[in-house]
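Read the structure below first, then the notes.
The values are calculated or read from the model by the stated rules, or taken from the named source; none is laboratory data. Treat the numbers as computed from the prediction; the structure is a model and nothing was measured. Backbone-built Cβ (ideal geometry, glycine too); neighbour counts: all protein chains shown.
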Amino acid sequence: MKDERRADVSAHEGHELETRKADHIRINLDENVASRLTNGLERYRFMHQALPEMDAREIDTSVALFGRRLGAPLLISCMTGGTEQARVINRNLAIAAQQARIPMGLGSTRAAVVQPELADTFQVRDVAPDVLLFANIGAVQLNYGFDADQCRRAVALTGADALVLHLNPLQEILQPEGDVNWDGLLGKIERVVRALQADDIPVIAKEVGWGISPRAARDLANAGVAAIDVAGAGGTSWSQVEMFRARNDVQRRIAEAFVDWGIPTADSIRYVREAAPEVVIFASGGLKNGVDGAKCLALGATLFGMARPFLRAATISPEAVGDEIAVILGQLRAVMLCTGAHDLAALRNVELIHA
(Lines give C-alpha, C1' and ligand atoms only; values in the text may rest on other atoms or scores of the structure.)
Protein backbone atom coordinates (compact mmCIF):
# COMPACT_ATOMS: atom_id res chain seq x y z
CA MET A 1 0.00 0.00 0.00
CA LYS A 2 1.52 3.28 -1.10
CA ASP A 3 0.95 5.13 2.15
CA GLU A 4 2.39 2.41 4.37
CA ARG A 5 5.52 3.42 6.22
CA ARG A 6 8.14 1.64 8.24
CA ALA A 7 7.36 0.95 11.90
CA ASP A 8 10.50 2.80 12.92
CA VAL A 9 10.31 6.57 12.84
CA SER A 10 12.79 9.39 12.60
CA ALA A 11 14.03 11.22 15.66
CA HIS A 12 11.78 14.15 14.72
CA GLU A 13 8.72 11.92 14.54
CA GLY A 14 9.63 10.28 17.83
CA HIS A 15 9.89 13.67 19.52
CA GLU A 16 6.50 14.61 18.08
CA LEU A 17 5.00 11.44 19.56
CA GLU A 18 6.49 12.22 22.98
CA THR A 19 5.17 15.80 22.83
CA ARG A 20 1.68 14.54 21.95
CA LYS A 21 1.65 12.23 24.98
CA ALA A 22 2.67 15.10 27.25
CA ASP A 23 -0.12 17.23 25.76
CA HIS A 24 -2.66 14.49 26.47
CA ILE A 25 -1.71 14.30 30.16
CA ARG A 26 -1.77 18.07 30.59
CA ILE A 27 -5.11 18.54 28.82
CA ASN A 28 -6.80 15.70 30.72
CA LEU A 29 -5.65 17.18 34.02
CA ASP A 30 -6.35 20.84 33.28
CA GLU A 31 -9.24 21.11 30.81
CA ASN A 32 -12.91 20.12 30.61
CA VAL A 33 -12.82 17.23 28.15
CA ALA A 34 -16.02 15.48 29.18
CA SER A 35 -18.45 14.16 26.61
CA ARG A 36 -21.80 15.92 26.46
CA LEU A 37 -23.41 12.47 26.50
CA THR A 38 -23.96 10.45 29.66
CA ASN A 39 -22.76 6.87 29.90
CA GLY A 40 -26.38 5.65 30.02
CA LEU A 41 -25.96 3.87 33.34
CA GLU A 42 -28.24 6.38 35.08
CA ARG A 43 -31.11 4.64 33.26
CA TYR A 44 -30.62 1.56 35.47
CA ARG A 45 -31.17 0.99 39.18
CA PHE A 46 -30.67 -2.06 41.37
CA MET A 47 -33.56 -3.64 43.24
CA HIS A 48 -32.64 -2.90 46.85
CA GLN A 49 -32.78 -5.83 49.26
CA ALA A 50 -33.49 -4.69 52.83
CA LEU A 51 -32.96 -8.23 54.12
CA PRO A 52 -29.96 -9.61 52.18
CA GLU A 53 -29.42 -12.61 54.52
CA MET A 54 -25.63 -12.59 54.19
CA ASP A 55 -22.49 -11.54 56.03
CA ALA A 56 -20.74 -8.67 54.24
CA ARG A 57 -17.40 -9.97 55.52
CA GLU A 58 -17.86 -13.04 53.32
CA ILE A 59 -18.43 -11.14 50.05
CA ASP A 60 -16.11 -12.44 47.33
CA THR A 61 -15.10 -9.89 44.67
CA SER A 62 -12.51 -12.13 42.99
CA VAL A 63 -12.75 -12.97 39.30
CA ALA A 64 -10.94 -15.35 36.92
CA LEU A 65 -9.50 -13.91 33.70
CA PHE A 66 -6.92 -15.27 31.25
CA GLY A 67 -6.00 -18.07 33.65
CA ARG A 68 -5.43 -15.70 36.60
CA ARG A 69 -7.41 -15.02 39.75
CA LEU A 70 -7.88 -11.29 40.32
CA GLY A 71 -8.82 -9.64 43.58
CA ALA A 72 -11.60 -7.58 42.03
CA PRO A 73 -13.19 -6.86 38.63
CA LEU A 74 -11.72 -3.33 38.50
CA LEU A 75 -9.36 -2.47 35.64
CA ILE A 76 -7.04 0.53 35.71
CA SER A 77 -7.65 1.46 32.08
CA CYS A 78 -4.92 2.28 29.57
CA MET A 79 -3.71 5.84 30.09
CA THR A 80 -0.21 6.97 29.34
CA GLY A 81 3.49 6.41 28.70
CA GLY A 82 6.35 7.88 26.75
CA THR A 83 7.26 10.82 29.02
CA GLU A 84 8.98 11.21 32.38
CA GLN A 85 5.71 12.26 34.02
CA ALA A 86 4.06 9.19 32.49
CA ARG A 87 6.76 6.98 34.01
CA VAL A 88 5.88 8.27 37.50
CA ILE A 89 2.16 7.89 36.82
CA ASN A 90 2.51 4.32 35.57
CA ARG A 91 4.63 3.26 38.54
CA ASN A 92 2.21 4.77 41.04
CA LEU A 93 -0.69 3.03 39.32
CA ALA A 94 1.19 -0.27 39.22
CA ILE A 95 2.14 -0.21 42.91
CA ALA A 96 -1.50 0.30 43.85
CA ALA A 97 -2.68 -2.35 41.37
CA GLN A 98 -0.24 -4.85 42.86
CA GLN A 99 -1.54 -4.21 46.36
CA ALA A 100 -5.18 -4.56 45.29
CA ARG A 101 -4.53 -7.51 42.92
CA ILE A 102 -6.32 -5.78 40.05
CA PRO A 103 -5.31 -5.56 36.35
CA MET A 104 -3.78 -2.53 34.68
CA GLY A 105 -3.45 -1.27 31.12
CA LEU A 106 -0.57 0.81 29.82
CA GLY A 107 -0.86 3.74 27.45
CA SER A 108 -0.01 3.34 23.78
CA THR A 109 3.20 1.32 23.77
CA ARG A 110 4.06 2.41 20.26
CA ALA A 111 6.38 5.01 21.79
CA ALA A 112 8.47 2.26 23.40
CA VAL A 113 8.66 0.27 20.16
CA VAL A 114 9.72 3.19 17.96
CA GLN A 115 11.89 4.89 20.60
CA PRO A 116 13.49 2.23 22.82
CA GLU A 117 14.88 4.92 25.12
CA LEU A 118 11.29 5.57 26.23
CA ALA A 119 10.63 1.93 27.15
CA ASP A 120 11.34 2.52 30.84
CA THR A 121 8.33 4.87 31.05
CA PHE A 122 6.17 1.77 30.57
CA GLN A 123 8.14 -0.70 32.69
CA VAL A 124 6.51 -1.50 36.02
CA ARG A 125 7.26 -5.17 36.62
CA ASP A 126 9.79 -4.43 39.36
CA VAL A 127 7.00 -2.88 41.47
CA ALA A 128 4.10 -4.99 40.17
CA PRO A 129 5.38 -8.52 39.52
CA ASP A 130 1.96 -10.18 39.82
CA VAL A 131 -0.32 -7.65 38.12
CA LEU A 132 -2.25 -8.78 35.04
CA LEU A 133 -0.72 -6.21 32.71
CA PHE A 134 -1.86 -5.08 29.25
CA ALA A 135 0.40 -3.57 26.61
CA ASN A 136 -1.35 -1.32 24.11
CA ILE A 137 -0.94 -0.47 20.42
CA GLY A 138 -3.18 1.57 18.13
CA ALA A 139 -4.81 -0.89 15.74
CA VAL A 140 -4.41 1.53 12.83
CA GLN A 141 -0.63 1.13 13.14
CA LEU A 142 -1.12 -2.26 11.45
CA ASN A 143 -1.70 -0.20 8.29
CA TYR A 144 1.49 1.78 8.89
CA GLY A 145 4.18 -0.87 9.14
CA PHE A 146 3.39 -2.62 12.43
CA ASP A 147 2.77 -6.36 12.35
CA ALA A 148 2.74 -9.28 14.77
CA ASP A 149 6.47 -8.92 15.43
CA GLN A 150 6.11 -5.31 16.60
CA CYS A 151 3.10 -6.32 18.71
CA ARG A 152 5.14 -9.09 20.34
CA ARG A 153 7.88 -6.54 20.96
CA ALA A 154 5.42 -4.23 22.73
CA VAL A 155 4.42 -7.10 25.00
CA ALA A 156 8.03 -8.11 25.64
CA LEU A 157 9.27 -4.57 26.34
CA THR A 158 6.63 -4.09 29.03
CA GLY A 159 6.51 -7.61 30.44
CA ALA A 160 2.78 -7.60 29.71
CA ASP A 161 0.44 -10.58 29.79
CA ALA A 162 -1.86 -9.46 26.97
CA LEU A 163 -2.12 -6.89 24.20
CA VAL A 164 -4.75 -4.21 23.71
CA LEU A 165 -5.37 -3.02 20.16
CA HIS A 166 -7.14 0.29 20.53
CA LEU A 167 -9.58 1.64 17.96
CA ASN A 168 -9.80 5.42 17.62
CA PRO A 169 -10.75 6.52 14.09
CA LEU A 170 -12.39 9.74 15.26
CA GLN A 171 -9.37 10.79 17.30
CA GLU A 172 -6.99 10.02 14.44
CA ILE A 173 -8.90 12.04 11.86
CA LEU A 174 -9.04 15.00 14.24
CA GLN A 175 -5.32 14.93 15.02
CA PRO A 176 -3.13 17.14 12.83
CA GLU A 177 -0.66 14.24 12.71
CA GLY A 178 -3.30 11.49 12.72
CA ASP A 179 -3.19 8.17 10.86
CA VAL A 180 -6.36 7.96 8.78
CA ASN A 181 -6.05 4.83 6.63
CA TRP A 182 -8.41 2.28 8.18
CA ASP A 183 -8.89 0.26 4.98
CA GLY A 184 -8.42 -3.51 5.25
CA LEU A 185 -7.60 -3.35 8.96
CA LEU A 186 -9.84 -6.17 10.14
CA GLY A 187 -7.86 -8.81 8.26
CA LYS A 188 -4.62 -7.52 9.77
CA ILE A 189 -6.14 -7.58 13.25
CA GLU A 190 -7.12 -11.20 12.69
CA ARG A 191 -3.58 -12.11 11.58
CA VAL A 192 -2.10 -10.49 14.68
CA VAL A 193 -4.64 -12.22 16.93
CA ARG A 194 -3.83 -15.63 15.43
CA ALA A 195 -0.08 -15.04 15.61
CA LEU A 196 -0.17 -13.97 19.25
CA GLN A 197 -2.54 -16.79 20.17
CA ALA A 198 0.26 -19.16 19.19
CA ASP A 199 2.34 -17.53 21.95
CA ASP A 200 -0.55 -17.63 24.46
CA ILE A 201 -0.88 -13.84 24.36
CA PRO A 202 -4.55 -12.76 24.46
CA VAL A 203 -5.54 -9.78 22.33
CA ILE A 204 -8.15 -7.31 23.54
CA ALA A 205 -9.89 -4.86 21.21
CA LYS A 206 -10.71 -1.51 22.82
CA GLU A 207 -12.37 1.71 21.77
CA VAL A 208 -11.13 4.89 23.43
CA GLY A 209 -14.41 6.57 24.30
CA TRP A 210 -16.99 6.25 21.53
CA GLY A 211 -18.21 2.70 22.01
CA ILE A 212 -18.39 -0.56 20.06
CA SER A 213 -21.28 -1.15 17.67
CA PRO A 214 -22.95 -4.51 16.97
CA ARG A 215 -21.18 -4.76 13.58
CA ALA A 216 -17.78 -4.03 15.09
CA ALA A 217 -18.44 -6.53 17.89
CA ARG A 218 -19.28 -9.31 15.42
CA ASP A 219 -16.26 -8.53 13.25
CA LEU A 220 -13.87 -8.47 16.19
CA ALA A 221 -15.30 -11.65 17.69
CA ASN A 222 -14.95 -13.40 14.34
CA ALA A 223 -11.35 -12.17 14.20
CA GLY A 224 -10.75 -14.09 17.42
CA VAL A 225 -10.13 -11.36 20.00
CA ALA A 226 -10.18 -12.62 23.57
CA ALA A 227 -12.13 -9.63 24.91
CA ILE A 228 -13.73 -6.37 23.84
CA ASP A 229 -13.51 -3.22 25.94
CA VAL A 230 -16.51 -1.18 24.86
CA ALA A 231 -15.03 2.13 26.15
CA GLY A 232 -18.30 3.89 25.48
CA ALA A 233 -19.27 7.53 25.39
CA GLY A 234 -20.00 9.40 28.59
CA GLY A 235 -16.56 10.10 29.99
CA THR A 236 -13.46 11.68 28.50
CA SER A 237 -14.05 12.82 24.93
CA TRP A 238 -10.84 12.55 22.95
CA SER A 239 -12.34 14.80 20.31
CA GLN A 240 -12.37 17.49 23.01
CA VAL A 241 -8.79 16.65 23.90
CA GLU A 242 -7.79 17.09 20.26
CA MET A 243 -9.81 20.32 20.12
CA PHE A 244 -7.50 21.72 22.79
CA ARG A 245 -4.51 20.54 20.74
CA ALA A 246 -5.77 22.14 17.52
CA ARG A 247 -3.20 24.25 15.66
CA ASN A 248 -5.72 26.65 14.17
CA ASP A 249 -9.37 27.66 14.31
CA VAL A 250 -10.40 25.37 11.45
CA GLN A 251 -9.12 22.28 13.25
CA ARG A 252 -10.71 23.43 16.50
CA ARG A 253 -14.12 23.93 14.91
CA ILE A 254 -14.02 20.52 13.23
CA ALA A 255 -13.26 18.79 16.55
CA GLU A 256 -15.76 20.67 18.73
CA ALA A 257 -18.71 19.30 16.72
CA PHE A 258 -18.10 15.80 18.14
CA VAL A 259 -18.58 16.53 21.84
CA ASP A 260 -21.80 14.46 21.83
CA TRP A 261 -20.60 11.70 19.47
CA GLY A 262 -20.60 8.00 20.27
CA ILE A 263 -22.46 5.06 21.79
CA PRO A 264 -23.11 5.39 25.53
CA THR A 265 -21.37 2.75 27.60
CA ALA A 266 -24.54 1.04 28.82
CA ASP A 267 -25.85 0.68 25.27
CA SER A 268 -22.53 -0.58 23.96
CA ILE A 269 -22.37 -3.32 26.61
CA ARG A 270 -25.81 -4.49 25.50
CA TYR A 271 -24.90 -4.33 21.81
CA VAL A 272 -21.74 -6.38 22.29
CA ARG A 273 -23.43 -8.92 24.55
CA GLU A 274 -26.18 -9.48 21.96
CA ALA A 275 -23.97 -9.41 18.85
CA ALA A 276 -21.09 -11.49 20.24
CA PRO A 277 -22.38 -13.40 23.29
CA GLU A 278 -19.28 -15.57 23.55
CA VAL A 279 -16.77 -12.72 23.88
CA VAL A 280 -15.54 -11.41 27.23
CA ILE A 281 -16.65 -7.80 27.81
CA PHE A 282 -14.72 -5.09 29.60
CA ALA A 283 -16.81 -2.01 30.35
CA SER A 284 -15.35 1.48 30.51
CA GLY A 285 -16.35 4.97 29.50
CA GLY A 286 -17.43 7.57 32.03
CA LEU A 287 -17.79 5.29 35.05
CA LYS A 288 -17.86 7.48 38.13
CA ASN A 289 -17.85 5.00 41.01
CA GLY A 290 -18.27 1.41 42.09
CA VAL A 291 -22.05 1.59 41.70
CA ASP A 292 -21.57 2.31 37.98
CA GLY A 293 -19.11 -0.56 37.85
CA ALA A 294 -21.58 -2.92 39.50
CA LYS A 295 -24.22 -1.94 36.94
CA CYS A 296 -21.78 -2.82 34.15
CA LEU A 297 -21.20 -6.25 35.69
CA ALA A 298 -24.94 -6.82 35.98
CA LEU A 299 -25.32 -5.84 32.32
CA GLY A 300 -22.83 -8.52 31.28
CA ALA A 301 -19.29 -7.22 31.70
CA THR A 302 -16.50 -9.24 33.32
CA LEU A 303 -14.39 -6.22 34.27
CA PHE A 304 -15.15 -2.53 34.60
CA GLY A 305 -12.44 -0.04 33.80
CA MET A 306 -11.70 3.50 34.92
CA ALA A 307 -8.96 5.94 33.98
CA ARG A 308 -9.68 9.57 34.81
CA PRO A 309 -10.49 8.92 38.52
CA PHE A 310 -6.98 7.48 38.91
CA LEU A 311 -5.01 9.95 36.79
CA ARG A 312 -4.82 12.86 39.21
CA ALA A 313 -4.21 10.51 42.15
CA ALA A 314 -1.35 8.90 40.22
CA THR A 315 0.39 12.28 39.93
CA ILE A 316 0.49 12.37 43.74
CA SER A 317 1.44 8.94 45.09
CA PRO A 318 0.64 5.21 44.98
CA GLU A 319 -1.17 5.69 48.29
CA ALA A 320 -3.50 8.22 46.67
CA VAL A 321 -4.27 5.71 43.92
CA GLY A 322 -4.82 3.04 46.57
CA ASP A 323 -7.35 5.28 48.31
CA GLU A 324 -9.30 5.67 45.05
CA ILE A 325 -9.30 1.90 44.55
CA ALA A 326 -10.49 1.38 48.13
CA VAL A 327 -13.39 3.79 47.61
CA ILE A 328 -14.50 2.13 44.37
CA LEU A 329 -14.27 -1.40 45.76
CA GLY A 330 -16.01 -0.33 48.97
CA GLN A 331 -18.88 0.94 46.85
CA LEU A 332 -18.94 -2.34 44.90
CA ARG A 333 -19.10 -4.37 48.10
CA ALA A 334 -21.95 -2.20 49.42
CA VAL A 335 -23.91 -2.85 46.21
CA MET A 336 -23.30 -6.57 46.58
CA LEU A 337 -24.59 -6.60 50.17
CA CYS A 338 -27.67 -4.54 49.32
CA THR A 339 -28.56 -6.75 46.36
CA GLY A 340 -27.90 -10.02 48.20
CA ALA A 341 -25.02 -10.95 45.89
CA HIS A 342 -22.31 -12.86 47.76
CA ASP A 343 -20.07 -13.11 44.69
CA LEU A 344 -19.80 -11.71 41.17
CA ALA A 345 -21.72 -14.58 39.60
CA ALA A 346 -24.65 -13.70 41.83
CA LEU A 347 -24.29 -9.99 41.04
CA ARG A 348 -24.63 -10.73 37.32
CA ASN A 349 -28.01 -12.30 38.05
CA VAL A 350 -29.55 -9.61 40.25
CA GLU A 351 -32.48 -7.57 39.06
CA LEU A 352 -31.77 -4.27 37.33
CA ILE A 353 -34.67 -1.85 37.01
CA HIS A 354 -34.75 0.15 33.79
CA ALA A 355 -35.71 3.62 34.93
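Worth a mention:
- In summary, residue 353 fulfils each of the numbered conditions (1) surrounded by fewer than 18 Cβ atoms within 10 Å (Cβ to Cβ); (2) within 21 Å of residue 128 (Cβ to Cβ) with the single exception of condition (2).
- The residues of the stretch 86-100 that are out of contact with any strand residue (DSSP E or B) (no Cβ under 9 Å at 6 or more places or on another chain), buried (at least 23 other Cβ atoms within 10 Å of the Cβ) and either among the basic types (Lys, Arg) or within 29 Å of residue 177 (Cα to Cα) (or both), listed by number, are 86, 89.
- Test for residue 346: is it more than 24 Å from residue 134 (Cα to Cα), of a type in the set (Gly, Ala, Ser) and free of Cβ contacts under 8 Å to residues at least 60 places away in the same chain: yes
- Each residue in the stretch 35-61 was checked for being part of a loop (DSSP other than H, G, I, E, B) and either hydrophobic (A, V, I, L, M, F, W, C) or without any contact (Cβ under 8 Å) to a residue 40 or more places away in the chain (or both), and 7 pass.
Each row is one residue, and each column tells you yes or no for (1) acidic (Asp, Glu); (2) over 19 Å from the mean Cα position of the chain (by Cα); (3) farther than 27 Å from residue 178 by Cα; (4) surrounded by fewer than 24 Cβ atoms within 10 Å (Cβ to Cβ).
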| position | (1), (2), (3), (4) |
| --- | --- |
| 234 | no, no, no, no |
| 242 | yes, no, no, no |
| 245 | no, yes, no, yes |
| 256 | yes, yes, no, yes |
| 272 | no, no, yes, no |
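- Residues of the stretch 203-247 satisfying the condition of being of a type in the set (Lys, Arg) and at pLDDT 95 or above: 206, 215, 218
- Restricting attention to the stretch 101-127, the residues being surrounded by fewer than 21 Cβ atoms within 10 Å (Cβ to Cβ) and at negative phi number 9.
- Scan of the stretch 89-130 for residues that are over 13 Å from residue 77 (Cα atoms), without any contact (Cβ under 8 Å) to a residue 60 or more places away in the chain and in a loop (DSSP other than H, G, I, E, B), ordered by number: 101, 109, 122, 123, 124, 125, 126, 127, 128, 129, 130
- Flag for residue 304 being buried (at least 22 other Cβ atoms within 10 Å of the Cβ), aromatic (Phe, Trp, Tyr) and either over 19 Å from the mean Cα position of the chain (by Cα) or in a helix (DSSP H, G or I) (or both): no
- Scanning the stretch 71-85 for residues that are at pLDDT 95 or above and buried (at least 20 other Cβ atoms within 10 Å of the Cβ) yields a total of 6.
- Leading residue by the ranking (surrounded by the most Cβ atoms within 10 Å (Cβ to Cβ)) among those in the stretch 310-350 that are in a helix (DSSP H, G or I) and among the acidic types (Asp, Glu): 324
- When residues of the stretch 113-165 are limited to those that are β-branched (Val, Ile, Thr) and in contact with a strand residue (DSSP E or B) (Cβ under 9 Å, 6 or more places away or on another chain), the one nearest to residue 193 (Cα to Cα): 164
- Filter result for residue 292 (at pLDDT 95 or above and in a loop (DSSP other than H, G, I, E, B)): no
- Residue count for the stretch 27-57 satisfying the condition of being loosely packed, with under 14 Cβ neighbours inside 10 Å and under 30 Å from residue 85 (Cα atoms): 5.
- Checked against (1) more than 18 Å from the chain's Cα centre (by Cα); (2) surrounded by fewer than 21 Cβ atoms within 10 Å (Cβ to Cβ), residue 288 passes all but condition (1).
- Residues of the stretch 252-289 that turn out to be more than 17 Å from residue 213 (Cβ to Cβ), of a type outside the set (S, T, N, Q) and not in a helix (DSSP H, G or I), as a count: 7
- Unique residue being more than 24 Å from residue 264 (Cβ to Cβ) and touching a Lys or Arg at 6+ places or on another chain (Cβ under 7 Å) when the list is 137, 201, 189: 137
- Reported count of residues in the stretch 58-70, each being buried (at least 17 other Cβ atoms within 10 Å of the Cβ) and over 24 Å from the mean Cα position of the chain (by Cα), is 1.
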